[in-house]
Amino acid sequence: MKRMLISLLLLALVSPTVLAVRPGAEGYDHEVSVAIKGYDTTFSGVTVYPNDTDKPRVIASDTYNFRYAKVFIFDKDGRLIEAGGDLLANKDGTYGAPQLSVTVPAGGFLAAFSSSSKELWNCYNVAMEGAMLYNATMSIIYPMYGSYDKGTNTLTIRYDDPVAPSKDAPRYLFVGNSTTYFNGTPIKFKAVTAAAGKEVVVEYCTFGSAYLSEFADPNHERGKAFREKLKNNKYDYIVFQDAASADYYMSKAAMDVLMPLVEANGAQGLLYMRYSTGDAGTERHYGNYPRLAEDFDLPCANVTGAFNICREEYPDINLMADDGGHHSCEGSYLIACTWMYAFMGVDPRGNTYTANLPAETVAALQECAVKAVEAGLELPEKDLSTTHEGTKYENFSAGKTYTTDGALYDGKWTDADENGNPLGKRTDGNFATAGDDTAMGCWSTSTGTTSIVVDLEEIRKLHLFRTDLWGGTWGIPNPADSTVSISVSVDGKAYTDLGEATPEDLEASGEWKGKLYTLFSAEGVEARYIKFTYTMNDGNRKFCWSSENAVYGLGDAIEPPAENPGEESTEESTETSTETSAEASTEAPAESTPAESSVAPAEKGGSATLWIVLGAVAVAAVAVVGILLGRKKRA
């Protein structure tokens, strides 16, 4: 040992070298040495980028052309702390999610290489532990060490063979997309649990931009990959995370297929309620994952809440990566801590694994994870009211049922369940923020005109009506050539036309064009049923591409007018409601359900009906007199 240390000391005096020696050990299972082609130059073969300063060195991805390079980043002790590669130089996101830079810690170095270097490629695969990663780097926890020798231009990597996990270690399969795999979050989960004295095994079934519906489809490549995983392995837990735009209806249909497969494998399903970059996404996730958790009785990690708490309490902690859509190392650490507390009940506070983050940042992230899990899955009540011309109006349509004469649209943006009934998207309080937002509740029409009738369940004093239309691409009508008219009714039979709503431009979303239609009544109207009629005058495919029907007003519910059983109104409606199907009744029953009354045609011929009723009464009276006379005669 003394001879070895003397040799190392002499080597350090001869040439500038970074060398890591594992404490208490004299050798490794593997020691790989490769020739270095250059230093601090455009990547070509094996290239090393030292940091001989006492400060972190930030290297832009496009400075040395890391587009086709794998990278290892070592700290001052020679330990591998980060790996990845294929870093895109573009800054506008044209080719996906660019990582604009890498950071080499003080005294450390970066080694870049290509997959053609078989020895280093093998090292890379061992260090990544099966992690999925595209065009980025991630934290590494596998004990691997590196050094370079400028005297011999040699890069050396040392590591031991992986240790087989204990047979009792729970196995976790993570199913989802980049919101799961980005920055090696499952690897961090493994690290924080290990620091807490818990051993776990993590595996990936993740793909960029994947939907759970794709994993549910046995004919989709992602569905085949998931089933192959289940066929070849037994898992204790399977963690599901859906795409950012997926809503409850999409995720529920997928989970209906996936959960029987999970149960057949003998595993427990888990849900990862992903983070969001804005309020609309937050609301979508809170409207999705808690309902899934209740439907399937699954534990759910409230990462959405953890991110929101951190943003509010620690705004200086950057949770997002360079692209603004994925999580940073800090965000990844927060997710891992939230998973551990939600899935295992292990408190992350005081955990010694830090992912090379500052101690104060680690403590803050651990605290946010605890607060989010303990807060539960309820979204703080959203204020759906709106202010118009200085007056605040309450949203009376939120959560209410509605009917339509529209035909089924089958796709991610549908508003129909498997039986063709409305899902409720049009009154969930969420306006779409883009044309391809799955908050859309779309219906089709062969004529270019379709109607939505909302039942408020009570008569209300109404002042403001709003809806939206998107189009101008995908063959969907441009809303600039469309109109929306509003009519109201107290009984679902006789409707009063309020006129056309006024359109205003919504912020463009790529090729999509959007309009928000508003109709305001200062005096207000009393109504229970509100009909939105859309007329699309452009496009070959007549889709009503809309997300919301919002109705606002003031005050409490209004008592309906007293009914006189002896009379019926002879007033003819100014507009008849449209039947939802050819089998719809042509006469509304006396006690109609909301769905029936909102689509029944207005009744006409009130005088004729009155004569029929009077005639029936007269016949009944004659019959009664006859019976009485008969009894008297027999007496």
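Residues checked against (1) open to solvent by 10 Å² or more (accessible area, probe 1.4 Å); (2) on the phi > 0 side of the Ramachandran plot; (3) assigned to a strand (DSSP E or B):
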position	(1), (2), (3)
S485	yes, no, yes
G492	no, yes, no
L498	yes, no, yes
E507	yes, no, no
A522	yes, no, yes
R528	yes, no, yes
F532	no, no, yes
(request) Pick out the one residue from G324, G281, G269, G287 that is modelled with pLDDT of 95 or more and more than 13 Å from A372 (Cα to Cα). (result) G269
(message) Which pairs turn up if I take residues in segment 291-304 that are open to solvent by 10 Å² or more (accessible area, probe 1.4 Å) and look for partners that are of a type in the set (G, A, S) and outside any strand (DSSP E or B) with beta carbon separation below 9 Å, at least 6 apart in sequence or on another chain?
(response) R291/S251; P299/A293; P299/A342; C300/A293; C300/A342
(message) Residue under question is G223, and the condition is that it be open to solvent by less than 40 Å² (accessible area, probe 1.4 Å), touching an Asp or Glu at 6+ places or on another chain (Cβ under 6 Å) and not polar (S, T, N, Q); does it hold?
(response) yes
(request) Sort through T156, T193, T206 and tell me the only one that's within 29 Å of M250 (Cα to Cα), surrounded by 18 or more Cβ atoms within 10 Å (Cβ to Cβ) and of a type in the set (V, I, T). (result) T206
(message) For segment 270-284, give me each residue that is in contact with a helix residue (DSSP H, G or I) (Cβ under 9 Å, 6 or more places away or on another chain), touching a residue at least 60 places away in the same chain (Cβ under 8 Å) and farther than 19 Å from M255 by Cβ.
(response) Y275, T282
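I'm trying to understand the selection: among the residues of segment 417-441, which are more than 20 Å from H285 (Cα to Cα) and either of a type outside the set (S, T, N, Q) or touching a Lys or Arg at 6+ places or on another chain (Cβ under 6 Å) (or both)?
First, pick out the residues of segment 417-441 that are more than 20 Å from H285 (Cα to Cα): 418-422.
Within segment 417-441, E418, G420, P422 meet the criteria.
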(request) May I ask you to list the residues in segment 108-123 that are more than 13 Å from D160 (Cα to Cα), in contact with a strand residue (DSSP E or B) (Cβ under 9 Å, 6 or more places away or on another chain) and open to solvent by 10 Å² or more (accessible area, probe 1.4 Å)? (result) S114, S115, S117, E119, W121
(request) Assess whether P348 counts as being of a type outside the set (V, I, T) and surrounded by 24 or more Cβ atoms within 10 Å (Cβ to Cβ). (result) yes
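For segment 214-260, enumerate the residues that are of a type in the set (D, E) and modelled with pLDDT under 95.
Within segment 214-260, just D247 meets the criteria.
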(request) Determine whether T354 is within 26 Å of A293 (Cα to Cα) and of a type in the set (S, T, N, Q). (result) no
(message) Conditions first: (1) assigned to a helix (DSSP H, G or I); (2) acidic (D, E); (3) over 32 Å from the mean Cα position of the chain (by Cα). E228 passes all but one, so which condition is the exception?
(response) (3)
(request) Can you tell me which residue among G38, G24 is of a type in the set (G, A, S), at pLDDT 95 or above and more than 41 Å from the chain's Cα centre (by Cα)? (result) G38
(message) Exactly one condition in (1) in a helix (DSSP H, G or I); (2) surrounded by 18 or more Cβ atoms within 10 Å (Cβ to Cβ) is false for L270; which is it?
(response) (1)
(request) Scan (1) in contact (Cβ under 8 Å) with a residue 24 or more places away in the chain; (2) hydroxyl-bearing (S, T, Y); (3) more than 20 Å from S116 (Cβ to Cβ) for the single condition Y64 breaks and write down its number. (result) (3)
(request) Identify the single condition in (1) open to solvent by 20 Å² or more (accessible area, probe 1.4 Å); (2) over 19 Å from L516 (Cβ atoms); (3) touching a Leu at 6+ places or on another chain (Cβ under 8 Å) that L408 does not satisfy, given that it satisfies every other one. (result) (3)
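Scan the helices (runs of 4 or more DSSP H) fully inside segment 149-218 and keep the ones with 3 or more residues being polar (S, T, N, Q) and touching a residue at least 12 places away in the same chain (Cβ under 8 Å). Working first, answer last.
Working: elements: 178-181, 185-195, 212-216.
Once the helices (runs of 4 or more DSSP H) in segment 149-218 are filtered for at least 3 residues that are polar (S, T, N, Q) and touching a residue at least 12 places away in the same chain (Cβ under 8 Å), what remains is 178-181.
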(message) Among the listed residues E457, E374, identify the single one that is open to solvent by 40 Å² or more (accessible area, probe 1.4 Å), of a type outside the set (V, I, T) and touching a residue at least 24 places away in the same chain (Cβ under 8 Å).
(response) E457
(request) For M250, state whether it is of a type in the set (A, V, I, L, M) and touching a strand residue (DSSP E or B) at 6+ places or on another chain (Cβ under 7 Å). (result) no
(message) Restricting to segment 129-138, name every residue that is closer than 21 Å to V192 by Cα and open to solvent by 10 Å² or more (accessible area, probe 1.4 Å).
(response) E129, G130, A131, M132, L133
(request) Restrict the check to segment 67-82 and report whether at least one residue is open to solvent by 70 Å² or more (accessible area, probe 1.4 Å), at pLDDT below 95 and among the aromatic types (F, W, Y). (result) yes
(request) Count, please, the residues in segment 309-328 that happen to be surrounded by fewer than 23 Cβ atoms within 10 Å (Cβ to Cβ) and part of a helix (DSSP H, G or I). (result) 4
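May I ask you to verify whether S487 is hydroxyl-bearing (S, T, Y) and modelled with pLDDT of 95 or more?
Working: hydroxyl-bearing (S, T, Y): yes; modelled with pLDDT of 95 or more: yes.
So S487 passes the test.
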(message) So for segment 211-219 (the condition being touching a strand residue (DSSP E or B) at 6+ places or on another chain (Cβ under 9 Å), among the hydrophobic types (A, V, I, L, M, F, W, C), closer than 26 Å to D323 by Cβ and open to solvent by 40 Å² or more (accessible area, probe 1.4 Å)), does at least one residue qualify?
(response) no
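The values are calculated or read from the model by the stated rules, or taken from the named source; none is laboratory data. No experiment lies behind these values; they were computed from the predicted model shown. Methodologically, a virtual Cβ is constructed for each residue, glycine included, from the backbone with ideal geometry; neighbour enumeration extends over all protein chains shown. Areas reflect the complete protein model, heavy atoms only, side chains present, ligands, DNA and RNA absent. Shrake-Rupley method; radii C 1.70, N 1.55, O 1.52, S 1.80 Å.
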